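The structure under discussion appears below in the form of C-alpha cells.
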Amino acid sequence: MVPDSSATPHILIVEDDFASRSLLVSYFEKEGYRISETEQADDLVQRVEQNKIDLVLLDINLPGKDGLTLTRELRAASRVGIILVTSKGDEIDRIVGLELGADDYVTKPFNPRELLVRAKNLLWRVRETVEPQRENGRQAQQWHFEGWSLDGSKRLLTAPDETSERLPEGEFKLLQALITNSGQVLSRDQLMDAIHDREWTPNDRSVDVLVGRLRRKLRDNPSDPHFILTAHGAGYMFAGELE
C-alpha cells in the first residue's frame with residue numbers, strides 16, 4: 001500500500017464511460033492512491049495545477065475537447081505524467097498522442113494489473129526525476145551544430161536563419177538522444193526507450209514518424225538526409241557536426 005500522507009501520488013482519471021471510470025477508481029483506490037475523477041476535462045490544465053496531480057489517465061475519445069487536444073495543452077503547460085487510454089483501432093491516435101507528449105498508452109480492454117505497473121513506473125519517474133529538477137533548478141543544456149541550436153530548457157530548435165520552433169516532447173527526446181550519441185547508431189529499441197521508457201515492438205512506428213517530422217524541421221532531404229541518417233536494419237544516427 002502507498003503511505004497515507006501528503007506525499008501519496010494523486011491520480012486524475014478522465015474517462016466518460018461510467019463503468020470504466022468506476023473500475024479504475026476502485027482499483028487504484030485499493031492500491032492506496034489519492035484519486036480524482038471526471039467524465040470530461042476541458043479545464044484539464046487548471047485541474048492539474050490546482051489539485052497538484054501527479055498522473056493523468058486520459059481517455060482519447062471524450063466529449064468536448066478530445067484526449068489528443070488535451071494532451072497537447074497539458075504537455076505545453078506541465079510535466080505531469082500522462083497515460084492515454086485508447087481503443088484497439090486507434091493506432092494512429094496513439095502515435096500522435098505520443099508525439100504530442102503522452103508518456104505511455106494502454107489499449108482497451110486492458111489488464112488493470114498491467115496498467116498499475118505502468119502507472120507506478122511513470123509515477124516513480126515523475127517524482128524521482130522531474131520534481132528534484134524543479135526544486136534544484138534544471139541546468140539548461142544547449143547543443144549547437146552547423147548553425148542550428150537546440151535549447152534543452154525550452155525544447156527550442158533554432159535554425160541558421162534564426163527562426164525557432166518549440167519541439168513536442170517526443171521529438172525533443174528523440175533529437176536529444178541522437179545528438180548526445182552523435183556518430184553512433186541507435187536502434188529503434190534504444191530510441192523508444194529514450195522517448196517513452198518502454199520496449200519497442202515491431203509494429204510500433206512511432207520512432208520512424210518522429211524521425212520524419214524532425215527531418216522536415218531540420219530541412220533535411222528525406223531521400224538524402226544530412227543530419228539524421230538511416231542505418232538500414234539497425235536504426236538511426238546523428239551525423240551533424242557538433243560545435
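The values are calculated or read from the model by the stated rules, or taken from the named source; none is laboratory data. Everything quoted here is computed from the prediction, not taken from an experiment. For neighbour counting, all protein chains shown are included, and Cβ atoms are generated from backbone atoms with ideal geometry for every residue, glycine included.
Per-structure values
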quantity	calculated
Residue satisfying all of: in region 63-86; among the aliphatic types (A, V, I, L, M) and over 23 Å from residue 154 (Cα atoms); nearest to the chain's Cα centre (by Cα) among these	84
Long-range neighbours under 6 Å by Cβ, at least six apart or interchain, first residue touching a residue at least 40 places away in the same chain (Cβ under 8 Å) and surrounded by 21 or more Cβ atoms within 10 Å (Cβ to Cβ) within region 90-115, second part of a helix (DSSP H, G or I) and among the hydrophobic types (A, V, I, L, M, F, W, C)	103/122
Region 221-243 residues that are without any contact (Cβ under 8 Å) to a residue 24 or more places away in the chain and farther than 18 Å from residue 195 by Cα, paired with ones that are among the basic types (Lys, Arg) and surrounded by 10 or more Cβ atoms within 10 Å (Cβ to Cβ) (beta carbon under 7 Å, 6 or more apart)	222/215; 225/215
Filter result for the condition that a residue is surrounded by 14 or more Cβ atoms within 10 Å (Cβ to Cβ) and among the small types (Gly, Ala, Ser), over 183, 170, 233	170
The lone exception for residue 170 - which of (1) closer than 29 Å to residue 78 by Cα; (2) modelled with pLDDT of 85 or more it fails	(2)
Search result, residues across region 157-182 that are assigned to a loop (DSSP other than H, G, I, E, B) and either in contact (Cβ under 8 Å) with a residue 60 or more places away in the chain or not assigned by TED's automatic domain parsing to the domain that holds residue 208 (or both)	159, 168, 182
Filter result for residue 214 (at pLDDT below 90, under 23 Å from residue 142 (Cα atoms), touching a Leu at 6+ places or on another chain (Cβ under 6 Å) and not assigned by TED's automatic domain parsing to the domain that holds residue 94)	no
Count of residues meeting criterion [part of a helix (DSSP H, G or I) and more than 18 Å from residue 113 (Cα to Cα)] in region 15-51	8
